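Following: one structure in structure tokens, then a few remarks.
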Amino acid sequence: MMLNDDFILIGCSERTTDYAIRSLKEVLFSKGLVNNIAQINIPADRTCMHIDTLFTMIDYNDIVCYKPTVYDGVSSNVKVFRKNGAEIVYDSVKTFFFHEINPKINFIFSGGGVSPYQEREQWTDGCNMVAIKPGVALTYDRNPKTEEALTDAGYVIMHARNLLIRPQEET
């Protein structure tokens, strides 16, 4: 996941190993492609297969996330590798974002951050979004509590059927 010109985030879980990330790190740094690589260590569990199932940055100050793993730090941490050889470890994804990316970051919780909705909507990809531009993202329509959390954070929800209407079809 590319966050900005200076950071690439790579999830370390059941499908991407620490060894693979260290190997990729050497290539990326040697070619001068990035200055910082954040290894996001997440549970080796099918529900956490990719980091975008746990969080997506949808605006400069907003991240939609699964609260237990990202905000509370349950079974996760972040190791940052710097091009100059320095390394730093953060005890949670939240702490990483506050210190490295944006101290004003706002976390919007999938499922509203409440059980059992947060677990159910994390499983149905409530955090897995495609950010088209800052403040505009595409997501699935099967996560009503996440949709409520986005509305509460000031986002306007537009369903696909309305987005796809061509101008001549409008009444």
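Selection of the stretch 55-70 for residues being in contact with a Gly (Cβ under 8 Å, 6 or more places away or on another chain) and either among the β-branched types (Val, Ile, Thr) or part of a loop (DSSP other than H, G, I, E, B) (or both) yields ILE58, VAL64, TYR66.
A quick yes/no check of all residues on (1) surrounded by 17 or more Cβ atoms within 10 Å (Cβ to Cβ); (2) part of a helix (DSSP H, G or I); (3) within 15 Å of the chain's Cα centre (by Cα):
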residue: VAL74; (1), (2), (3): no, no, no
residue: PHE81; (1), (2), (3): yes, no, no
residue: PHE96; (1), (2), (3): yes, yes, yes
residue: HIS99; (1), (2), (3): no, yes, no
residue: GLY112; (1), (2), (3): yes, yes, no
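Taking each residue of the stretch 145-156 that is within 14 Å of PRO134 (Cβ to Cβ) and of a type outside the set (Lys, Arg) and looking for partners that are modelled with pLDDT under 95 and part of a loop (DSSP other than H, G, I, E, B) with beta-carbon atoms closer than 9 Å, six or more apart or interchain, yields TYR155/GLY135.
Here's the yes/no breakdown for (1) of a type in the set (D, E, K, R); (2) under 14 Å from PHE97 (Cβ atoms):
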| position | (1), (2) |
| --- | --- |
| GLU14 | yes, no |
| ILE21 | no, no |
| GLU26 | yes, no |
| SER30 | no, no |
| VAL34 | no, no |
| ILE40 | no, yes |
| ASP45 | yes, no |
| THR53 | no, no |
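Taking ASN128, is it closer than 28 Å to ARG22 by Cβ and either under 14 Å from the mean Cα position of the chain (by Cα) or of a type in the set (Asp, Glu) (or both)? Taking the combined requirement at face value, the residue satisfies it. Considering only the stretch 116-138, state which residues are surrounded by 11 or more Cβ atoms within 10 Å (Cβ to Cβ), part of a loop (DSSP other than H, G, I, E, B) and without any contact (Cβ under 8 Å) to a residue 40 or more places away in the chain. Scanning the stretch 116-138 gives a single hit, THR124.
The values are calculated or read from the model by the stated rules, or taken from the named source; none is laboratory data. Given the structure is predicted, the values throughout are model-derived calculations rather than measurements. Reconstructed Cβ throughout: ideal geometry from the backbone, glycine too, with neighbour counts over all protein chains shown.
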